[in-house]
Amino acid sequence: DGTNISGYTSIDILDEQIPNAPTISITSGTAGNNGYYKSNVTVTITAGNDAQSGANKVRYSVSGAQTINQTETADGITSANITISTDGTSTITAYTLDKAGNVSSVATQIINKDSTAPSTASLTVGTVGETSIAVTASGVDATSGVYSYQFQRSTTSATSEFTTVATQTSSATSYSYTYNNLTGGTTYYLRVVVTDRAGNTAT
């Protein structure tokens, strides 16, 4: 207006800083043995920090037993929940994307899941002596594999009356065992419990 002077200017801010990798947290799931889960596993992916333009979203995928194609959350959504429901080994990979489009280094999480009991658990009687009975136990588990054979016996068929006399750790699909110190003239009921590496059992 002839007295006051005003003007406008703009500055483009360059963000070349790579954001921090996201964190991958297991939020629910029933833990089994040897690093396996015996139920569906829920995982939360949370974007890492970014000191410049700020974290904007996460990118993730799953490969292996379960497959999720590469997915990105919407702009401004910096976390995602996924569920691993397939037995086997699944690998989660995830990245942080900032508002300038920079991509972080990768974060990974391996999920081992086996919620299925061994498909085979059988007991075959071999040589029967006066005080001993030789048997061969068989077990098959397609996911985590056989872990152990538990040999039990009873003098009655009642389920609650069986006593464990030996537990043998073995990944083989069959294992031979001899029940000793038995009493002659006695009827014995024999049983085997096959346990897989995740802790699932079949009898």
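The values are calculated or read from the model by the stated rules, or taken from the named source; none is laboratory data. Note that the structure is predicted; figures quoted are calculated from it, not measured. Cβ placement follows ideal geometry from the backbone for every residue including glycine, while neighbour counts extend to all protein chains displayed. Protein only, heavy atoms only, side chains kept; ligands, DNA and RNA dropped before computing areas. Shrake-Rupley method; radii C 1.70, N 1.55, O 1.52, S 1.80 Å.
Ligands, DNA and RNA are left out, and with a 1.4 angstrom probe the accessible area of the chain is 56 Å² per residue. Packing around the peptides 182-191, 19-28, 3-12, taken as the average count of other Cβ atoms within 10 Å per residue, puts them in this order, highest first: 19-28, 182-191, 3-12. Within a straight-line Cα-Cα reach of under 18 Å, residue 57 can be paired with the following lysines, leaving aside sequence neighbours fewer than 8 residues apart in one chain: 99. Taken as Cα centroids, region 1-27 and region 129-156 sit 68 Å apart, rounded to the nearest whole angstrom.
For residue 9 and residue 157, the difference between the fully extended length at 0.36 nm per residue and the C-alpha to C-alpha distance is 44.2 nm.
Length available on full extension from residue 108 to residue 203: 0.36 nm per residue minus the Cα-Cα distance, which gives 30.5 nm.
Working from Cα pairs under 8 Å separated by at least six residues, relative contact order for the chain is 19 percent. Using the Cβ of residue 99 as centre and a radius below 12 Å, the other residues enclosed give a net charge of -3, where K and R count +1 and D and E count -1.
At R0 = 30 Å, how high is the FRET efficiency between residue 168 and residue 91 if r is their beta carbon distance? Nearest 0.05 is fine. Efficiency for this residue pair is about 0.35. Taking a straight line from the alpha carbon of residue 38, these lysines sit under 21 Å away, with near neighbours fewer than eight places off in the same chain left out: 113.
Expressed as a whole percent, the accessible surface of the chain that belongs to carbon and sulfur atoms is 43, based on a 1.4 Å probe.
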